[in-house]
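The values are calculated or read from the model by the stated rules, or taken from the named source; none is laboratory data. Computed from a prediction, not measured in an experiment: that's the story for all the values here. Backbone-built Cβ (ideal geometry, glycine too); neighbour counts: all protein chains shown. Side chains are part of the model used for accessible areas, which takes the heavy atoms of the whole protein and leaves out ligands, DNA and RNA. Shrake-Rupley method; radii C 1.70, N 1.55, O 1.52, S 1.80 Å.
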Amino acid sequence: MLNRFKSVLMNAVGASELGLQYPNDSDNDVMIDYVNSNFSIEVENKPYSRPSFLGLTAEETQVSADHRVRPIIVPRDLSRLPWCAGYAECINAGKSVWNEDQASATRGDLKLPDMNITLPYVMFSIFDGHAGYQVALTARLHLHRIILERLMAIPSNVLLNEDEEEFVKGRDLVTGAIELAYRQMDQMVEAQAQNGGGGCTAITILFLNGRLYAAGAGDSRAILVLGESQRALTRDHTPDSESNRVRALGFLRSHELLKGHFTPLEFKKRPIKKELGTMVLYREPYMTGWAYKTLSHLDLKLPLISGHGKRSRVMGTIGVTRGFGDHGLKAANTGVSIKPFLSSQPEVQSLNLEDCNLTERDCIIIATDGLWDVVSDKTAATILRKTLAPDTPSLEYRLTMAAQELVQAARGRLMGRVWVGKPEDSNENEDKYAPMASVDDISVMVVPLYPYLCEHRQWLKTNQQERKYSTDSSHISISNSMQ
């Protein structure tokens, strides 16, 4: 493996990282009740490491962080991931010393003691760190345990209840458990960070009781690829996409949160001093339309939300609005805390997999924005289908091949000092038309759906047989006692 990583020598590629400021002081008090839970985990900073399922040695971990070569890393043993799910990653082109993405995959049984049964579950997560790797690493080590703690608190008869006539169904409580776990994870990060540290986005895919739950906070993304169709399971949370939420909070608590430095108003174009006294187009957070107002000195404050799309920022500083961490983050040159405008709440979507008419080639692609910044949902799905289409090698290898191909499509190749992608039109001159590639960390998981559905069907069959056997045994015992 080491020889393969070292086989190509390339020039170093430099890139500047968004400067996030984390002073030692913070306006936020640390919450120590972890959402009224007695669940206690010792939180401490851990040394840098890659996901355990990769099976990297310390030396291989160092080699994987080569910013010149940017080797694509895959698990040494594919069976360490449930269903041999595909995984591949590569480091950034110089934005940070280490790969700040992290990932985890766990399989187990949720014990339901009041019903004397166990309910199998499988969970995959991806985290994209910023301003350091520590928050993403902490989430990798602890989030799945917190989610399980929350799931175990649900009464078994309610957890398994999917009666559509019920006001609260089992899937509603699973969604609530994930939401509470995300909040608890963020509070643990705050306690760990001592009012500093970076942050991370989070995606969690949970398979439980025949359903798929997709939870997302930030701009990592999961897409569902079924047959010839694809659709996003999570939504990107950026200052642009959440402008109304962020500006509404600033509007309602302007004096407390903005401290006279920012305005929650949105203008059609950034107003300038020479326009004072003229009529300009603007809107307030609760407005979907536009109105005119006379521009005043107060309107010349810095905008709470600036830019559009991936270039949008909260207080000109951070480009994601949901995730974990960033508790000590301050707006540059103002000392104003940004954390009140950031949320750890995920948006959760659930699917009944029995309704999806699954085949063995239907998958979820889970990836950090290192992929999605340069590869569209449609293109990613096309790459996946093309890789999985052949019958050989076996599907377990093709899943990993698909993850590799997706990382390769985003990373591209080095031309001079610039990483470039492959033109979509193969007839074009690649040197002239090659698009820019991602210089960010790139992590991709390709998770097949059909294996879980087969496992769940078998669990249902076995559980029904055990209940029938238990009922028959009870009937025989009663009959014998009456004789």
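For this structure, a couple of remarks:
- With respect to the conditions (1) over 28 Å from M415 (Cα atoms); (2) open to solvent by 40 Å² or more (accessible area, probe 1.4 Å), K95 falls short on a single one, namely (1).
- For the range 70-85, a residue qualifies if it is out of contact with any Gly (no Cβ under 9 Å at 6 or more places or on another chain) and within 16 Å of R50 (Cβ to Cβ), and the qualifying residues are R70, P71, I72, I73, L81.
- Evaluation of G260 against (1) in contact with a Phe, Trp or Tyr (Cβ under 8 Å, 6 or more places away or on another chain); (2) open to solvent by 40 Å² or more (accessible area, probe 1.4 Å) (one fails), failing number: (1)
- Residue identified as free of Cβ contacts under 8 Å to residues at least 40 places away in the same chain, closer than 29 Å to V336 by Cα and either in contact with a His (Cβ under 9 Å, 6 or more places away or on another chain) or open to solvent by 40 Å² or more (accessible area, probe 1.4 Å) (or both) among R270, R235: R270
- Single unsatisfied condition, K46 versus (1) over 30 Å from G335 (Cα atoms); (2) assigned to a loop (DSSP other than H, G, I, E, B); (3) at pLDDT 50 or above: (1)
- Scanning the range 269-283 for residues that are part of a loop (DSSP other than H, G, I, E, B) and in contact with a Pro (Cβ under 8 Å, 6 or more places away or on another chain) turns up just one, R270.
Listed here are the residues, each with its yes/no results for (1) closer than 30 Å to T317 by Cβ; (2) in a helix (DSSP H, G or I); (3) without any contact (Cβ under 8 Å) to a residue 60 or more places away in the chain.
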| site | (1), (2), (3) |
| --- | --- |
| L358 | no, no, no |
| R385 | no, yes, no |
| P393 | no, no, yes |
| E396 | no, yes, no |
| L399 | no, yes, no |
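- Residues satisfying the stated conditions in the range 148-172, i.e. open to solvent by less than 60 Å² (accessible area, probe 1.4 Å) and either in contact with a Ser or Thr (Cβ under 9 Å, 6 or more places away or on another chain) or not in a loop (DSSP other than H, G, I, E, B) (or both): L148, R150, L151, S156, V158, L159, G170, R171
- Whichever residue in the range 104-157 is hydroxyl-bearing (S, T, Y) and in contact (Cβ under 8 Å) with a residue 24 or more places away in the chain and, among such residues, is nearest to G216 (Cα to Cα): S125
- Verdict on R145 being part of a helix (DSSP H, G or I) and either over 18 Å from the mean Cα position of the chain (by Cα) or buried (at least 18 other Cβ atoms within 10 Å of the Cβ) (or both): no
- Selection within the range 314-351 - within 19 Å of Q192 (Cα to Cα), open to solvent by 10 Å² or more (accessible area, probe 1.4 Å) and among the aliphatic types (A, V, I, L, M): L342
- Matching residues in the range 113-142 - criterion: being open to solvent by 30 Å² or more (accessible area, probe 1.4 Å) and within 21 Å of K95 (Cα to Cα): H130, A131, Y133, Q134
- The residue that is nearest to S96 (Cα to Cα), among those in the range 160-212 that are under 15 Å from the mean Cα position of the chain (by Cα) and β-branched (V, I, T), is T201.
- Breaking point among (1) under 23 Å from G199 (Cα atoms); (2) open to solvent by 30 Å² or more (accessible area, probe 1.4 Å); (3) not in a loop (DSSP other than H, G, I, E, B), for W83: (1)
- Figure legend. Inter-residue proximity from the range 43-68: first residues of a type in the set (D, E, K, R), second residues in a helix (DSSP H, G or I), beta-carbon distance below 6 Å, spacing 6+ or different chains. Indicated pairs: K46/L137; R50/T61.
- Of note, A380 satisfies the criterion of being open to solvent by less than 20 Å² (accessible area, probe 1.4 Å) and either in contact (Cβ under 8 Å) with a residue 24 or more places away in the chain or in a helix (DSSP H, G or I) (or both).
- Comparison of M1, M10 shows that the only residue that is at pLDDT below 95, touching an Asp or Glu at 6+ places or on another chain (Cβ under 7 Å) and open to solvent by 40 Å² or more (accessible area, probe 1.4 Å) is M1.
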